[in-house]
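The values are calculated or read from the model by the stated rules, or taken from the named source; none is laboratory data. If you're wondering where the values come from, they're calculated on a predicted model, not measured in any experiment. We place every Cβ from the backbone using ideal geometry, glycine too, and count neighbours over all the protein chains shown.
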Amino acid sequence: MTHVVTANCDQCRFTECVMVCPVACFRGDGTRLYIEPDLCVDCGACVPICPVHAIVDSFDLLPDQEVWLETNRTQAKALPSVRERSTPLPTAVQRQAALGY
Amino acid sequence: MQRMRPTFVVVGAGPSGFYSAEALLRAVPDCRVHIIERTAAPHGLVRYGVAPDHQKLKQVTAVFDEIASGDRVFLHAGVDIGTDVPLDEIRAHCSAVVLATGSAVGRPVGVPGESLRQVFTSAAFVGWYNGHPDHAALAPDLGVSSAVIVGNGNVSLDVCRLLVRALDDLEVSDIPEPMLKEFRSRRIREVHMLGRSGPGGVKFSFKEFRQLADLPNVRICMPQLGTLGDEEWAGISGPDSVRVVQWLKANATPVPSIADDGRLIVNLWFKVVPAEFVGEGKVSAVVVRPSASRGGAEGEAAITIPCGIAVSCVGFSCRRLAGVPAYSPAGAIENDAGQVLGIDGREVPGLFVAGWAKRGPTGIIGTNRADADETVQSLLKRLPQLLDDSTSRSGDLRALFEQRGVETLTHADWRALDHVEKTRGEARGKPREKLLSIDEARAALRGPLAACSDDVMPATSTAACSQRRPSSVSEGLSPYMRA
C-alpha cells in the first residue's frame, strides 16, 4: 500500500502536499511530483490538500490509473526530494480550471 | 559579555514539537533548539495516541529521531514545565519558546453519571492501552459483554476496533503486556457507537471505517436502518462520508435477532446523544435520546443501551499551564498564526504555540508540519527583536535543570531506551515492549540491555548510556534533514 501522484499534477505542481507530508516522501523534477512508496506511511494528509485531487490511495486507483504505481516508484527513486512549497507552474491555474476544480 | 547564540525552546516532543524544531533549525543556521518533554520518551501522540495496531504510521518516529540527532538539537525528557521549572524561567533563558504541548485532557460529555466506574474519556482509555504514564494505572475491566462509545470520529473507530479486533492481531501490536493481559480476558460481544449526526455527517474517514468493517470477526449493524428517513441520511459532510453512506446502504443490516454466526456486532447509532450514564457504582447502561438535529423527533422516547464500559471520544482540551495567559472557549491557547496572545489580545513576546495546543485537536500527523511552519514563520518575522532582547541570556538549559534538581533524559538515553523496548518486544513477537514510567526508564538505563545498544547508535559512538549526548554525532546532517 502507498499513495501515488496521478496525472493531474502535470502542468500544476502546486506543492501543497510536501508541506503536510510527515515523512518527506515527495520527489520531483521541474514538471511534477511523485511519491516514494517505500517511505510513504499511508497517512493520507496529502490527499485532501491537493488543489487538483492528484493524489490517490493505491487502494482507490481506477484501472486506468494503475500505471502510476510503477511510474511513481521508478521516478521517485531517480529524483531529488521536494520538501518546501514552491510557486506552481505558470500553467497551473488554467489546468486547474480545465480539470474542473 | 558574550552574546547568546539564538536559542529556542520547544515544549513537547510530539509531532508539532519536532516539526517546529525542524523548521527552526533550517531557518536559523546558527541556532540551538532544546526540546523539553514531560514523559520519559519522545514522540507524543505517535507513541501514546496512534493506535497500537497502526505500526506503519508509527514509522514516522524515524523522522523525529533524525531531527533529534542533529548536533544543534537537545532533548530533555522527564521535565514537567510548570511543575519542575516555571515557564517564565524557561523564557528567561532563551530567545523564544514554542509550546507544542498538545491537547492532553479528555473532554467529558457533560451528562450525569460520568464519574461512575467504567466510564472513561478517550484520552484516558487510549492513553491506557498505549502505555501513557498518566493512564497506565487506569485498570478498565474488559470482561463485559457490551461497550458504548460516544462520538463518531477516528478516535471512536480506533477504540471500537481495539475492543473487537482478534487477539492474535493485538498480540503482535505494541499494547504493553499488563494491558494486553486485560484484552485477553475480553468478553465483549457488541459495541454501540453513538453519533450525533446522521450517517452523512460522520467525522471519521472512510479508510478507517473500512478497516473496522473489513475485520472478519465483525458485523456492522444499524439498529435504526429501517427508521431513518431520507433527510436523516442527508447532510453529507465530505467525500469520505459519501463513501461511508454508500457502504452502509449496501452492507449494513439491522440488529440480528440472534448473533447467529458468532461475529461480534458493532451497532452504529445516528442522531442520538447520551443523556445519562446509569449504574450502581459502575456503569450498567447509557440512556440516549434523539439529538436536537433530528427532525420531527419531538417526544421520541429515550433508549436505554445496557453496557459494562463506556468511552467518550468527544474531544480534548489543553492542560492548563501557568504562564500561558489565555485560552479559547474550545480550550486551545489564544494565538495569532502561532504568536501567543494575552487576555488583552496583545502579543506575549517570545512565546509561540504550534499543533493541537494552537488550533485544537484536528488534523493528522502531517497537518502539524505545515502548522509548525506557520508558527516558525511568525517567529522569524519577530526574530531581530527577539534576539536583541535575549542577547544577555544564558541559553544554558542544562544548568537551569541542574540548579532546579531536575534529572533529565537525553536523546542518547532515548536511543538506549528504544533499543531496550525493541529487544524486550522481540522476545514476545511485538514491535516493542514499552517502559511504562520514568522510573522504569531510569532502571532500564542502568540495566544490561541499554549498555549493549551500539547497533542503534551512530556508527562510532560508544556512549549509549552516557548522560551526555554522544560527542560523535556527525556534524553533517542526517539523510532526512539533508534531503
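Does residue B:130 fit the bill of being closer than 30 Å to residue B:373 by Cβ and in contact (Cβ under 8 Å) with a residue 60 or more places away in the chain?
Here the answer is yes, as residue B:130 does meet what is asked.
Okay, residues lined up against (1) assigned to a loop (DSSP other than H, G, I, E, B); (2) at negative phi; (3) surrounded by fewer than 20 Cβ atoms within 10 Å (Cβ to Cβ):
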{"site": "B:120", "(1), (2), (3)": "no, yes, no"}
{"site": "B:137", "(1), (2), (3)": "yes, yes, yes"}
{"site": "B:152", "(1), (2), (3)": "yes, yes, no"}
{"site": "B:155", "(1), (2), (3)": "no, yes, no"}
{"site": "B:158", "(1), (2), (3)": "no, yes, no"}
{"site": "B:207", "(1), (2), (3)": "no, yes, yes"}
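Hand me the list of strands (runs of 3 or more DSSP E) wholly inside the stretch B:294-394 holding 3 or more residues that are within 30 Å of residue B:159 (Cα to Cα).
B:303-306, B:309-312
Does the stretch A:11-28 include one or more residues that are surrounded by fewer than 16 Cβ atoms within 10 Å (Cβ to Cβ) and more than 9 Å from chain B (Cβ to nearest Cβ)?
So far as the stretch A:11-28 goes, no, none of its residues is surrounded by fewer than 16 Cβ atoms within 10 Å (Cβ to Cβ) and more than 9 Å from chain B (Cβ to nearest Cβ).
One line per residue, one yes/no per condition, for (1) within 14 Å of chain A (Cβ to nearest Cβ); (2) touching a Pro at 6+ places or on another chain (Cβ under 6 Å); (3) at pLDDT 95 or above; (4) closer than 19 Å to residue B:44 by Cβ:
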| position | (1), (2), (3), (4) |
| --- | --- |
| B:351 | no, no, yes, no |
| B:357 | no, no, yes, yes |
| B:377 | yes, no, yes, no |
| B:382 | no, no, yes, no |
| B:401 | no, no, yes, no |
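Residue-by-condition table, conditions (1) of a type in the set (A, V, I, L, M); (2) at positive phi:
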| position | (1), (2) |
| --- | --- |
| B:326 | yes, no |
| B:329 | no, no |
| B:350 | no, yes |
| B:357 | yes, no |
| B:361 | no, no |
| B:370 | yes, no |
| B:375 | no, no |
| B:378 | no, no |
| B:384 | no, no |
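Could you tell me whether residue B:392 is modelled with pLDDT under 95, under 28 Å from residue B:353 (Cβ atoms) and either touching a Ser or Thr at 6+ places or on another chain (Cβ under 8 Å) or surrounded by fewer than 19 Cβ atoms within 10 Å (Cβ to Cβ) (or both)?
For residue B:392, the condition - modelled with pLDDT under 95, under 28 Å from residue B:353 (Cβ atoms) and either touching a Ser or Thr at 6+ places or on another chain (Cβ under 8 Å) or surrounded by fewer than 19 Cβ atoms within 10 Å (Cβ to Cβ) (or both) - is met.
Among the candidates B:307, B:318, B:313, which residue alone is more than 19 Å from residue B:203 (Cβ to Cβ) and at pLDDT 95 or above?
It is B:307.
Among the residues of the stretch B:419-450 satisfying the criterion of being acidic (Asp, Glu) and buried (at least 21 other Cβ atoms within 10 Å of the Cβ), which is farthest from residue B:169 (Cα to Cα)?
B:421
Looking at the stretch A:29-39, which of its residues are free of Cβ contacts under 8 Å to residues at least 40 places away in the same chain, more than 9 Å from every other protein chain (Cβ to nearest Cβ) and under 24 Å from residue B:46 (Cβ atoms)?
A:37, A:38
Do we find a residue being among the aromatic types (Phe, Trp, Tyr) and buried (at least 20 other Cβ atoms within 10 Å of the Cβ) anywhere in the stretch B:219-242?
So far as the stretch B:219-242 goes, no, none of its residues is among the aromatic types (Phe, Trp, Tyr) and buried (at least 20 other Cβ atoms within 10 Å of the Cβ).
Given the criterion more than 14 Å from chain A (Cβ to nearest Cβ), closer than 28 Å to residue B:313 by Cα and not charged (D, E, K, R), identify the matching residue among B:124, B:77.
Going through B:124, B:77 in turn, just one is more than 14 Å from chain A (Cβ to nearest Cβ), closer than 28 Å to residue B:313 by Cα and not charged (D, E, K, R): B:124.
Tally the residues that are surrounded by fewer than 16 Cβ atoms within 10 Å (Cβ to Cβ) and touching a Leu at 6+ places or on another chain (Cβ under 8 Å), restricting the search to the stretch B:243-253.
Adding up the residues that qualify gives 1.
Looking only at the stretch B:395-418, filter to residues that are touching a Phe, Trp or Tyr at 6+ places or on another chain (Cβ under 9 Å) and outside any loop (DSSP other than H, G, I, E, B); which one of those is surrounded by the fewest Cβ atoms within 10 Å (Cβ to Cβ)?
Going through the qualifying residues, I end up with B:398.
Identify the residue in the stretch A:53-101 that is hydroxyl-bearing (Ser, Thr, Tyr) and more than 14 Å from every other protein chain (Cβ to nearest Cβ) and, among all such residues, is farthest from residue A:26 (Cα to Cα).
For the stretch A:53-101, the residue satisfying everything is A:91.
Which one is farthest from the other protein chains (Cβ to nearest Cβ) among residues in the stretch B:10-60 that are charged (D, E, K, R) and part of a helix (DSSP H, G or I)?
B:47
Can you tell which of B:99, B:87 is hydrophobic (A, V, I, L, M, F, W, C), surrounded by fewer than 23 Cβ atoms within 10 Å (Cβ to Cβ), out of contact with any Cys (no Cβ under 8 Å at 6 or more places or on another chain) and in contact (Cβ under 8 Å) with a residue 60 or more places away in the chain?
B:87
So, of the residues in the stretch A:41-94 that are farther than 23 Å from residue B:369 by Cβ and in contact with a Leu (Cβ under 8 Å, 6 or more places away or on another chain), which turns out to be surrounded by the most Cβ atoms within 10 Å (Cβ to Cβ)?
Ranking the qualifying residues of the stretch A:41-94, first place goes to A:68.
Out of all the residues in the stretch A:24-38, which are at pLDDT below 95 and under 23 Å from residue B:371 (Cβ atoms)?
A:24
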